Amino acid sequence: MNKTLLLATFFAFFGAFAQAQTAEELIAKHIAATGGDKWAKVASITNEAKITTDGSPNMVIGMSMTIVRDKALRMDVSVMGMTQSSAISGDKGWSTNPFAGKNDPEPMTADQVTSMKEMTDVDGALVGYKEKGYTVEYVGTEEVDGTEAQKIKIDKGNKKVEYCFFDPATSYQIKSIQVEEVDGKQVEGATLYSNFKTQDGLVFPFTMQQSNPMMGNSTITVTTVTINPTVDEKIFEMPAKK
């Protein structure tokens, strides 16, 4: 092997190794900054929030969510006296949509359950990503609202990819982009995170600005977060039709 080829091979290998190390270091700093090993002690979590949308800025939507780690989730969205509910438990899920005249619960598709199931990972994608079978890659920097954020790519398999952007000053995640396939269609959404607060030693963003081409732009303002509440798991069961 000549010297030029040898050097090219060395730098290619070193560059890939350095990027992998950088991604791992960024994730380690992020986890330490947001609670470290305290995440492992979270068995369940509930939160209450208010949602506003660009399409109806004067309308406030109420949302509540209950999560049991890696098992179940229920979300209730209320507006104009009506409540849309969706829940999963294990590999099954159901939802209602009174805004579309569907008051009786209907089973979710397998892809819908899989998509929602990811939300039962209370730690998020970064904590224990190796054990979850994810691979990570450092992909440089990108400006996020005036901050030169550090960016990594998380390949989750099953046609799911997430990009995470970190504020270098705090190691908090300030943006994410999720790309996945749901019911045969590729769906991409972006979220900006801000207004970080500490709850029981864990750091959460209390403001999330979401952009989704299918659902438009919205802002979620979290009002309360409760760690390890007692959860009646009957709330995840599909109700009988009226």
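In whole Å, largest first, what are the principal axis extents of the Cα atoms in region 102-210?
47, 30, 28
Rounded if a/c is under 1.5, else prolate if a/b beats b/c, else oblate: with a ≥ b ≥ c from the C-alpha gyration tensor eigenvalues square-rooted, which is region 152-242?
Details: a/c = 1.79, a/b = 1.08, b/c = 1.66.
Because a/c hits 1.5 or more and a/b fails to exceed b/c, region 152-242 counts as oblate.
Could you give the dipole magnitude of the chain about its Cα centre, charging the beta-carbon of Lys and Arg +1 and that of Asp and Glu -1, in debye to the nearest 20?
Details: 24 positive and 31 negative charges, 55 e Å.
Result for the chain is approximately 260 debye, rounded to the nearest 20.
With a Förster radius of 25 Å, plug the Cβ-Cβ distance of A110 and A240 into 1/(1 + (r/R0)^6) and report the FRET value to the nearest 0.05.
0.65
Among D123, D232, D70, determine the one that fluctuates most according to a GNM of the chain built with springs between C-alpha atoms less than 10 Å apart.
D232
Would you mind telling me the share, in percent, of accessible area of the chain contributed by carbon and sulfur at probe 1.4 angstrom? Mind dumping the intermediate values first?
Working: 7340 of 13970 Å².
On the chain, the fraction of accessible area on carbon and sulfur atoms equals 53 percent.
Determine the calculated [θ] at 222 nm for the chain from helices alone, applying -39500 (n - 2.57) to every DSSP H run no shorter than 4 residues and normalising by the residue count; nearest 500 deg cm²/dmol.
On the way: 2 runs with 40 residues, N = 242.
Calculated mean residue ellipticity at 222 nm is -5500 deg cm²/dmol.
Over the chain, what is the relative contact order in percent, taking alpha-carbon pairs closer than 8 angstrom and at least six residues apart?
Numbers: 454 pairs, mean separation 50.5, N = 242.
Relative contact order of the chain: 21 percent.
What residues qualify as long-range amide H neighbours of V139, i.e. H under 5 Å apart, gap of 5 or more or another chain, H built at 1.01 Å from N?
Result for V139 returns K151, I152, K153.
Once both labels are modelled 7 Å past Cα along the beta-carbon direction, what's the T223-A43 spacing in nm?
It works out to 2.8 nm between the two label points.
Testing the spin-label approximation: label points 7 Å from Cα along Cα→Cβ at V179 and N103. State their distance in nm.
Spacing of the two 7 Å Cα→Cβ label points: 4.3 nm.
I need the semi-axes of the equivalent ellipsoid of region 189-228: take the C-alpha gyration tensor, multiply each eigenvalue by 5, square-root it, list largest first in whole angstrom.
Working: eigenvalues 110, 18, 12 Å².
Gyration-tensor ellipsoid for region 189-228: 23, 9, 8 Å.
Which ³J(HN,Hα) values in Hz, rounded to whole numbers, follow from the phi angles of region 139-151 under the Karplus curve 6.51 cos²θ - 1.76 cosθ + 1.60, where θ = phi - 60° and Gly and Pro get x?
10, x, 10, 7, 6, 10, 6, x, 9, 7, 7, 8, 10
Calculate one ³J(HN,Hα) per residue across region 99-112 by plugging θ = phi - 60° into the Karplus curve 6.51 cos²θ - 1.76 cosθ + 1.60, and present them in order as whole Hz with x for glycine and proline.
3J(HN,Hα) across region 99-112, in whole Hz: 5, 10, x, 10, 7, 7, x, 10, x, 7, 6, 4, 5, 5.
What distance in nm separates the simple spin-label points at S211 and V79, each placed 7 Å from Cα in the Cβ direction?
2.0 nm
A43's amide H: which non-local residues (gap 5+, or another chain) put their own amide H closer than 5 Å, with H modeled 1.01 Å from N in plane and none for Pro or chain starts?
HN-HN under 5 Å from A43: N228.
Within region 68-92, what residues put their amide N at less than 19 Å from the label point 7 Å along the Cα-to-Cβ vector of T53?
Counting only backbone N, you get 75-87.
Hull surface divided by four, with the convex hull built on the Cα atoms of the chain: how many nm²?
On the way: hull surface 64.7 nm².
For the chain, the mean projected area of the Cα convex hull comes to 16.2 nm².
How far is helix 3-34 tilted, in degrees, relative to the longest principal axis of the Cα atoms in the chain, given as a value from 0 to 90 rounded to the nearest 10?
It is inclined by approximately 40 degrees.
The values are calculated or read from the model by the stated rules, or taken from the named source; none is laboratory data. Since the model is a prediction, treat every value here as computed from it, not as a measurement. For neighbour counting, all protein chains shown are included, and Cβ atoms are generated from backbone atoms with ideal geometry for every residue, glycine included. The protein model used for the area step is the full one, side chains on, heavy atoms only, and it has no ligands, DNA or RNA in it. Shrake-Rupley method; radii C 1.70, N 1.55, O 1.52, S 1.80 Å.
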